[in-house]
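Structure record follows, encoded as structure tokens.
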Amino acid sequence: MTIANTPSSAAAPHAGDTEGVQLAAITAGRSTRLPGWFLILWRNGKCRAGLLLLAGFVLVAVLAPVIAPYSPRADTFGLSQGPSAAHWLGTTARGEDVFSQVIHGTRTSLIVGVVAGTLSTLIAVAVGLTAGYLQGPVDEILSFFINLGLVVPVLPLMITLAAYAPVKGLWLVIIVITVTGWAFGARVKRAQIATLRTRDYVTAAKFAGDSTPRIIVYEIAPNMISLIVVDFMGASLGAIGAEAGLSFLGLGDPHTTSWGTMLNQASMGGAMTTGQWAWLIAPGLALAFLVTSFSLINFGVDALSNPHLRED
């Protein structure tokens, strides 16, 4: 009896079948109507965890008045109380609810990180791209300011500006962080654009009569998006840490609730000697988790520019 030879389902797929599977996968990805860059970020496990963690912080910041059981400045409770059902993390030496302060401090840290990070990145992009593209005397002048910003000690400068400024407030902290945090990003972008300015598409844009600002903005900048995003993430991280550091040293806005001011008040109020570990540890842990979320997202941002780092 002759048995007919039938193709097995376990047989290796032909090249056409493989192309069909890839096409189906691309079509399925497009059917979700999600941008390609977001799919790359989401498929990276570390980046996905960072996005979810950051989304949680953003949600807490937006809903802070709803989530917090009390006002962060309400001081009508018992002094230096331990954790309880009424006060999950206890109270401060002034009688304020620690949990409510941690919730409201999330908003302050995110505002400082996003605003100061954005301003620092914009300055770094403008200075770095202009210096790297124009070169000549313009490059020498801008490079002088970039090098000056790199060699000047950042921490003493921040402390001096924040201490002797006539007006205190959150915007002062943002301006101080912006002024001291743009130089490194500008130096990196200047070096990168020096390699891009000789590319064929830039030369074609010059022959087409495009102006210098148009070439920088529309021809070169889009090819540096991943680098700009990485710089923004780093600037935001630095801004969040700098705000916490300045506030911890007592140079922040005393009327603004932030994790840095909480650490300063915990240190001044003797949290360690009175055993109020929640008052001391909670803002530090919140700051650490927020910094971790930005760091994890950086893995996905790297995958945008390097296909070898992408996860299936």
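Data for the structure
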| quantity | calculated |
| --- | --- |
| Elements of type helices (runs of 4 or more DSSP H) in the range 209-292, at least 1 residues being under 22 Å from the mean Cα position of the chain (by Cα) and not acidic (D, E) | 225-248, 259-268 |
| Test: residue in the range 174-194 that is modelled with pLDDT under 85, open to solvent by less than 70 Å² (accessible area, probe 1.4 Å) and aliphatic (A, V, I, L, M) | yes |
| Unmet criterion (only one of (1) under 27 Å from S226 (Cα atoms); (2) buried (at least 16 other Cβ atoms within 10 Å of the Cβ)) for E140 | (2) |
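The values are calculated or read from the model by the stated rules, or taken from the named source; none is laboratory data. Fair warning: this is a prediction, and the values are worked out from it, not measured in the lab. Neighbour counts are summed over all protein chains in view; Cβ atoms, including those assigned to glycine, are modelled from backbone coordinates with ideal geometry. SASA here: full protein model, heavy atoms, side chains in, ligands and nucleic acids out. Shrake-Rupley method; radii C 1.70, N 1.55, O 1.52, S 1.80 Å.
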